[in-house]
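I have placed the structure first, in the form of structure tokens, so that the comments after it can refer back to it.
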Amino acid sequence: MLKKLLLGALFLSTSLSAQDYFFKKFHPFNPNIPSPEEFLGYGIGERHTRHDLIVSYLTKLSEVSDRASIYEYGRTHEGRKLVILTITSPENLGNLDQLKSQHLEFTDPTKSPTNYDNVPIFINLGYNVHGNEPSSSEAALLTAYTLTASNNPEILNYISKGVIFVDPTINPDGRDRHTQWANMYQGNPLVGDPQDAEHNEYWPRGRTNHYWFDLNRDWLLGINPESRGKLTWYHEWYPNVVTDFHEMGTQSSYFFEPMKDNGSLNPIMPKENYLDLNNLFGNYFAEALDSIGSFYFTKEVFDGTYPGYGSSYPDLQGGLGLLFEQASSRGHKQTTDFGEITFPFTIRNQYTSSITTVKAAVENKGVLRKYQQEFFKSGMANASKSKVKGYSFKDEHDPNRVKAFVDKLLLHKIDVYKSGNNFVVPTRQPQYRMVQTMFETYEKYRDSVYYDASAWSVANFYNMKYKPVTSLNLGEKVTSLDNLVKTTSISKSEYAYIIDYDDYNAVAALNYLQSKGLVISSSSKPFTANTSVGSQKFGYGALVIPVSLQKKDANAVYELVQQAQKKYHVPMYSVNSGYSLQGIDLGSRWISPLKKPKAAMIIGDGVRSYEAGEVWHLLDTRVHMPITKIPVRNFGKANLDTYNTLVMVSGGYDFSKKQQEKIKSWVNKGNTLITIGTASKWVIDKELVDEKLIEKEKDSTKTIERKPYVNAPEDLGKESLGGAIFKVDLDITHPLAFGYNDTSIPVYKNNSVWLAPSKNEYATVAKYAKDPHIDGFITKKNMEENLKPSASLIVSKLGSGRVVLFADNPNFRGSWYGTNRLFLNALFLGDKIRIPE
Ligand SMILES: [Zn+2]
């Protein structure tokens, strides 16, 4: 059956057969509306379509069809347009504002409209969040064409009862990276050999966005413009059904929901979502795919536990999120164990599911609407029953980190109140389930193997010390971020300026001033100074700018300091004397000048692109500091003496003995090597540093117990740490921990790198706390044998230089504001570390 269908794809060369292959069911079509093939000049599936052409085609549809209008919701990092084509009947389109306000009444728990069936259902068809899973955007073109041009009674029925929002490409930057690749290696005739270049993209591949972020994890974290634009749109429309189209390995078939049951024992979302709606829709997809002879599977894999997927976030907004996974042809045609898989075949499955989603939504619109209404009402009701009336948090030391967290809350339409320096998030609000998502932590799980993270209490990502409260003192509602950080403007000094180092943005200010040529010193001990605004305490790491020691005059220095403050809103002070009220004086040997970091990072084949991208993103977007990205393939000839800091993130580094020696001798000269995750394991394995890993004891006398073969994936899977949050104990007197005031902070662990504490007593900067669990799944064995005895961050002396070894990724998904500082300190203060022997 499968083979016969694949042969169908070969008849694509003429326009008519192409139309028949995809949408003969939906004739007749309006001849005044160009099909994708007529517009593009090639049949869908014959090439990979560039994103700008996708936007052009949808724009064209909005111009020639009275059923469609186009909306731009953002721009990517690389400047590509993010668009949504709204498709519905001309009557609905002319009346959209009113339909929207009717629709939104169902999301308001204080209202109780009952006209469930009278308002068209809102459907968001989202495509291609992973750039190198290209069938879906091509299917988006076919779907948009069908819905705007078909005059078939079935389609006319859908558009009169539904408003369909087509988001053709969620990740245009990644898509175009892959599109370029697939088209440039396309053979004529096509080459199906899996070893052909067309099917083997080069690093970093097209899955991720410009900064190599997985946008299908970013819905919760809202770091990138693609997700931020989409979330803003989302909270304006609250669609009832949302699709998320993907591709998986070539040797597979097709997947649709239901997926694996939720891994949490008490999932935040109502069980009806999984038990009722997924099965209801699943029957539709099965029938549609059966009718074209396509094979598929459900329920075995993929869990919707993590709320940051495109298929799970809608579930937390009263919608139904739907995941689809098509076996990838990755390229235009590939040979598989089943025969051959062609690009058109993959597109047709996605197209079929698209139209079927619309059908199922329209035919069940009363059910979906009632469900969404009940979702928001039950949220309020659950909140009213909860003893916890809200969560309060504050951090007077670091207003910019607090601001970044509040931004996240507002992005998800969570109500936040502020009274003095204290913030409160009440639980009784329409977004109660998002409040739970941001603050609640879990210990007990139904499942032990996760597709991704098992912990996502975002408050911990930001190192917010929050607590549940049982009574509320709300204060003023926070409606914007504008006035959250207040700094008093600094007055001119002829003597010195001091920058508080506790603020998240202090590093960016430091980089700004260093890049303008100022010499900045850092204090290794706290002190209290008599500033122009009175006595002021400064913690470890306070930055001191001595005016007379600069090459610029006092006016120019003042100008730069003011600019830095204006740009980064960091508390800064001026002093006219070096004589401190308490602690060390400004001329102390504990206050020493910092070297400006000249940093490089190794990227390319074998390197974990996510982690590398997180470093690049952090430095570009928050610190505004350039970093040189050295491809692995050039490492042999690269001149390292240009840099004083080198970053190696997780990866498999296949360096020769000579190249290892090159790194070692470069560090030896007084430079800083920063390693993260498996790169930390690598420097230990290769004996670049004299440190150890926690070794598993192998007991050869132990009898081997036979286990059922079928359980192997489950048994082995649970020992790998999907992603959980643990408490570490931090030495805040160490330069790597400057800026922290609390010795206990959360870290994110999703690997099996277990560093033994350093044998040097001053070199273990962060060790897991005695009772380390905060949130997420870990086996007892991993906890007792590996995590508890190990260290999260150590520094190791190597000649005149040092290696900073992170077991855990401090920059995870661009959202670990709480641990970013550790990494930035390694970059900016690494040179300051002198390990006593
Ligand atoms: Zn995917």
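The values are calculated or read from the model by the stated rules, or taken from the named source; none is laboratory data. Note that this is a predicted model, so its numbers are computed, not measured. Cβ sites come from the backbone with ideal geometry, for glycine too, and all protein chains shown count toward neighbours. Please note that ligands, DNA and RNA were not included when accessible areas were found on the heavy atoms of the full protein model with its side chains. Shrake-Rupley method; radii C 1.70, N 1.55, O 1.52, S 1.80 Å.
For S548 and Q180, what is the calculated FRET efficiency with R₀ set at 51 Å and r taken between the beta-carbons, to the nearest 0.05? E between S548 and Q180, to the nearest 0.05, is 0.40.
Once Lys and Arg get +1 and Asp and Glu get -1 on their Cβ, which of H235, Q186, A383 lies farthest toward the positive end of the dipole of the chain? Of the options given, the answer is A383. Between E374 and D52, the modelled label-to-label distance comes to 5.0 nm, taking each label 7 Å out from Cα in the direction of the beta carbon.
Residues in the chain average 39 Å² of solvent-accessible surface per residue, probe 1.4 Å, ligands and nucleic acids excluded.
Using Cα pairs closer than 8 Å and at least 6 residues apart in sequence, work out the relative contact order for region 223-313, in percent. The partial results should precede the final answer.
Values: 64 pairs, mean separation 36.6, N = 91.
That works out to 40 percent.
Normalising the average separation of contacting C-alpha pairs (under 8 angstrom, six or more residues apart) by the number of residues puts the relative contact order of the chain at 11 percent. Would you mind pulling out the separation of the Cα centroids of region 229-307 and region 97-171, in Å? With region 229-307 and region 97-171 each reduced to a Cα centre, they are spaced 16 Å.
Using r as the Cβ-Cβ distance of S800 and D337, and R0 as 56 Å, what FRET efficiency do you calculate, to the nearest 0.05?
0.50
Backbone amide hydrogens, once placed in the peptide plane, bring D415 within less than 5 Å of Q431, excluding anything fewer than 5 places away on its chain. For region 702-738, the set of trypsin sites (Lys or Arg not before Pro) satisfying both a DSSP loop assignment and a count of at most 14 other C-beta atoms within 10 Å is given as K702, R706.
Which whole number of Å³ per residue matches the convex hull of the alpha-carbon atoms in region 668-786? The partial results should precede the final answer.
Values: hull volume 17.9 nm³, N = 119.
Spelled out: Cα convex hull of region 668-786, divided by residues, is 150 Å³.
Projecting the Cα atoms of H51, S65, G420 onto the charge dipole of the chain (Cβ charges, centred on the Cα centre) puts G420 farthest toward the positive pole. The alpha carbon centroids of region 701-737 and region 772-837 are separated by 17 Å.
Can you compute the charge dipole magnitude of region 131-278 about its Cα centre, using +1 on each Lys and Arg Cβ and -1 on each Asp and Glu Cβ, nothing else charged? Give it in debye, rounded to the nearest 20. Please report the intermediate quantities before stating the final value.
Details: 10 positive and 20 negative charges, 63 e Å.
Using only the charged Cβ atoms, the result is roughly 300 debye.
The loop-placed GluC sites (Glu not before Pro) in region 711-795, going by DSSP, that have at most 15 neighbouring Cβ atoms within 10 Å of their Cβ come out as E719, E761. Under a 5 Å amide H cut-off, with hydrogens placed 1.01 Å from N, V163 pairs with I121, F122, I123 among residues at least 5 apart or on other chains. Only Lys, Arg, Asp and Glu carry charge here, each on its Cβ (+1 for the first two, -1 for the last two); on that basis the chain has a dipole of about 2120 debye about its Cα centre.
Under 5 Å between amide hydrogens, built in the peptide plane, is the criterion, and for I44 it picks out E37 among residues at least 5 positions away or on other chains. Length gained on full extension, T441 to N118: 112.3 nm, using 0.36 nm per residue less the C-alpha separation.
Mean sequence separation of contacting Cα pairs (under 8 Å, at least six apart), scaled by the length of region 664-800, corresponds to a relative contact order of 31 percent.
Can you give the log10 of the normalised intensity I(q)/I(0) at q = 0.11, 0.20, 0.22 Å⁻¹, computed with Debye over equal Cα scatterers of region 122-198? For region 122-198 at q = 0.11, 0.20, 0.22 Å⁻¹, log10 I(q)/I(0) is -0.41, -0.87, -0.96. Rounded to the nearest 20, the Cβ-based charge dipole of region 71-220 about its Cα centre (Lys and Arg +1, Asp and Glu -1) stands at 260 debye. Would you be so kind as to identify which of L96, T356, I33 lies farthest towards the positive end of the dipole of the chain, taking Lys and Arg as +1 and Asp and Glu as -1 on Cβ and the Cα centre as origin? Looking along the dipole axis, the top candidate is L96. Summarising the label geometry, the points placed 7 Å from Cα in the beta-carbon direction at E72 and S532 lie 4.4 nm from one another.
The label-point distance for V710 and D605, in a model that sets each label 7 Å from Cα toward Cβ, rounds to 4.1 nm. DSSP finds beta bridges in the chain, and of those with both partners inside it, around 65 percent are antiparallel. Using the beta-carbon distance between D620 and T479 and R0 = 25 Å, what value does 1/(1 + (r/R0)^6) give for FRET efficiency, to the nearest 0.05? The formula returns an efficiency of 0.30 here.
One compactness figure for region 305-385 is 1.55, namely its Cα radius of gyration divided by 2.2 N^0.38 Å. Packing, as the average of other Cβ atoms within 10 Å across residues, places the peptides 240-246, 434-440, 461-467 in the order 240-246, 434-440, 461-467, highest first. The share of accessible area on the chain that comes from carbon and sulfur is 49 percent, using a 1.4 angstrom probe. Taking the square roots of 5 times each eigenvalue of the Cα gyration tensor of the chain, largest first, gives ellipsoid semi-axes of 48, 32, 27 Å.
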